[in-house]
Amino acid sequence: VRLAILASGRGSNLQAILDAIKAGVLDARIAGVFSDRPDALALQRVPEALRWSRTPKSCGGREAFDAVLADAVAVCEPDWVVCVGYMRILGEAFVQRFAGKILNIHPSLLPKHKGLHTHQRALDDGDAEHGASLHFVDPELDGGAVIAQARVPVLPNDDADTLAARVLAVEHPLLLGVLQLAASGRLAERNGQATLDGQAL
Ligand code: GRF
């Protein structure tokens, strides 16, 4: 399967995908890496021919950016669009164009802690557990059907950084596990529900 990757940051999740493809444990190829930040480290992890970046400003605003991005993603004919640390909300037109094909990894146990600063918020709320969620993207922020989650304990001396590191360590295997299901054609979204082999998850 062909993967279009959307990333704004360092791209450790992208690197985990690249490593898994190289090791032969993920039957997929990267069709393109797309970023709203031309300086994103994630872009550097793939050959130049696979890199695409624009800023919303250079496109004349958020909506225009979304349309330009959608066109660029469509050109690489992805089977799946995978958001890994992509720090922008995808517009409704984008989501509809790739409906049922967009995945996002979010660093919290959804529906808890949608949005930003999830690790600090888990600490502030005194959560005993925290983690990451892999979900289908719908037009609501961090709102689509959850496919799988990975949990970690919150420890007494944690700060946002130690907690983020513990979550990141489980994010990578979570992402790869779900991408293996996606690559084998077993994963789908039906009526707002994630399904595996046609059965609701
Ligand atoms: C991850 O924690 C992801 O869940 C969040 O942003 C971080 C991105 O990490 N949305 P990386 O860029 O893949 O290293």
(request) May I ask you to work out the translational diffusion coefficient for segment 36-137 at 10 °C, viscosity 1.306 mPa s, via Stokes-Einstein with Rh from the Kirkwood sum over Cα pairs, reported in whole µm²/s? (result) 104 µm²/s
(request) May I ask you to derive the relative contact order of the chain, considering only C-alpha pairs under 8 Å and at least 6 residues apart, and to give it as an integer percent? (result) 18 percent
(message) If you take every residue apart from GLY9 with its C-beta less than 11 Å away from the C-beta of GLY9, what net charge results, scoring Lys and Arg +1 and Asp and Glu -1?
(response) 0
(request) For the chain, with a Gaussian network of springs between Cα atoms less than 10 Å apart, report the residue from GLY144, GLY91, GLY185 with the top mean-square fluctuation. (result) GLY185
(message) Please give the charge dipole size of the chain, origin at the Cα centre, charges +1 on K and R Cβ atoms and -1 on D and E Cβ atoms. Round to the nearest 20 debye.
(response) 440 debye
(request) Rounded to the nearest Å, what's the spacing between the alpha carbon centres of segment 130-163 and segment 180-201? Just the number, please. (result) 20 Å
(request) Using the number of other C-beta atoms within 10 angstrom as an exposure proxy, rank CYS76, CYS83 with the fewest first. (result) CYS76, CYS83
(message) Would you report the distance distribution of C-alpha pairs in the chain as whole percents per 5 angstrom bin, up to the bin with the largest distance?
(response) 1, 8, 16, 20, 21, 17, 11, 5, 1, 0
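Within the set of other residues whose C-beta is less than 12 Å from the C-beta of ARG166, count the net charge using Lys and Arg as +1 and Asp and Glu as -1. Please list the in-between numbers first.
On the way: positive: ARG151; negative: GLU129, ASP158, ASP159, ASP161, GLU171.
For residues surrounding ARG166, the net value is -4.
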(message) Run the helix sum for the chain: -39,500 (n - 2.57) per DSSP H stretch of 4+ residues, divided by residue count, reported at 222 nm to the nearest 500 deg cm²/dmol.
(response) -10000 deg cm²/dmol
(message) Sort ILE89, ILE102 by Cβ crowding within 10 Å, fewest neighbours at the top.
(response) ILE89, ILE102
(request) Counting other beta carbons within 10 Å of each Cβ, put THR55, THR195, THR118 in order, fewest first. (result) THR55, THR195, THR118
(request) Nearest 5 is fine: what % of DSSP beta bridges in segment 46-171 come out antiparallel, could you say? (result) 75 percent
(request) Tell me the GluC sites (Glu not before Pro) within segment 41-148 that lie in a loop according to DSSP and have at most 12 other beta-carbon atoms within 10 Å. (result) GLU140
(request) Filter the trypsin sites (Lys or Arg not before Pro) in segment 118-201 to those in DSSP coil with at most 15 other Cβ atoms within 10 Å of their Cβ, and list the result. (result) ARG186
(message) For segment 93-201, take the convex hull of the Cα atoms, compute a quarter of its surface area, and give me that in nm², please.
(response) 6.9 nm²
(request) For every other residue with a beta carbon closer than 14 angstrom to the beta carbon of VAL73, add +1 if it is Lys or Arg and -1 if Asp or Glu, then tell me the sum. (result) +1
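Values in this text are rule-based calculations from the coordinates and carry no lab data. What you see is a predicted model; the values in this text were computed from it and never measured. As a convention, Cβ positions derive from the backbone with ideal geometry for all residues, glycine included, and neighbour counts pool all protein chains shown.
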